[in-house]
Structures are given as structure tokens and as C-alpha cells.
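Asks: Take this structure, written in C-alpha cells, and hold onto it; I'll ask about it next.
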Amino acid sequence: MGNRHGEPVWYELMCRDLSVTEPFYAAVVGWTFADTGMDNAPGYRFIKHGAGDYDAMGGALALTDDMLAGGARPMWAVYFAVEDVDASVAAITARGGSVLMPAFDLEHVGRMAFVADPQGNPFYVMRGFSDMESRVFGETGADTGLCGWNELITPEIEPTLGFYRDILRFDTD
């Protein structure tokens, strides 16, 4: 079945120093960090909210000097499920958004692109290679350690909401 178009499916923490960041989140929300074991993502770590095999709610990486020089900054990024990454990227650029990292396939994971809305707020669009449903967004009080809220801060609320309604099919009423 998989996730619906527009649902959050992954969160990514980009930081300067994982040796500082990991203990902070472990103390605040009880997360653990684990190596991915994926050759195609060296240095990338899973953020886990439990002990099970499928308890990863996101990933973490330390920004390299090259990334920082290229404009990357420490941040949390959200990945939204889409039915077609390439069509979504085309729609994003047609609506005034931009492409920060072109669409690519990550082996065993899916196709994704790092994009920004017309105000410059970055996010990912992704279509997984499997239809396994992601459970990174908590819907009940029992979902400790999962994300329970996404908030967008923007200077132009109506045009930006229209963008997300069109691109991710958000119901913002």
C-alpha cells in the first residue's frame, strides 16, 4: 500500500557534529543512533525511537566542509511521499520552487530530490522502491519519539499554502 502522496515518510537531521548532536537527542527524547550498514551512504546514521528493526524514524549526517561551503546549513528536513518524483519536481519548478539536489535513485531505498518552495524552504520528495509504509509521524500519545507536528514559517502564507496544496495535496483549510 505505501504512504499517501504528501505524507511525511522520513526526517533527516543535518548537523555540524554528530558527536554533540547524538547525546543531546538521546537525553531529550530517548533516541538512539545506529550505523546504516549501507555502502552507498557512508557516515549516515539511523535515528531510532525503539529497539525494533523498523524503528528508524529518520537519519542523521554531519555536514562536510564542502557541503557547508556550498550553502548547506544545519537543519531538519522532511521527506514527503509522492507518486512520481520527476513529475513532482517539474510541478515544483513550474510553481516557482527550486531544485537543490536533482532527482536520483538511492539503491534499495527509492528515488528522491531535494527541493525548495518559492520562499526557499527546503524539503525532499520521495518515492520508495517498496510499498512498505513508513511510520515516522506519530498520531497518538503512545508514539513517543516520533514526529507529531510539522510547521512552516513563511512571510507569505496564502501563496505558500497554495503551493503545498497543489504540490503535496495538503488540505490547509
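Asks: How do 123-131, 8-16 rank on mean C-beta neighbours within 10 Å, highest first? Walk me through the numbers before you get to the answer.
Replies: Numbers: 123-131: 18.2, 8-16: 20.0.
Sorting 123-131, 8-16 by mean packing, highest first, produces 8-16, 123-131.
Asks: Could you calculate the contour length gain from residue 94 to residue 106, that is, 0.36 nm times the residue separation minus the distance between their Cα atoms, to one decimal place in nm? Kindly include the intermediate steps, with their values, before the conclusion.
Replies: Details: separation 12, 0.36 × 12 = 4.32 nm, distance 2.51 nm.
Extra length from residue 94 to residue 106 when fully extended: 1.8 nm.
Read-outs throughout are calculated quantities, based only on the coordinates presented, and are distinct from any laboratory measurement. Because the structure is predicted, anything quoted here is derived from the model rather than measured. Here Cβ is always computed from backbone atoms with ideal geometry, including for glycine, and neighbour counts include all displayed protein chains.
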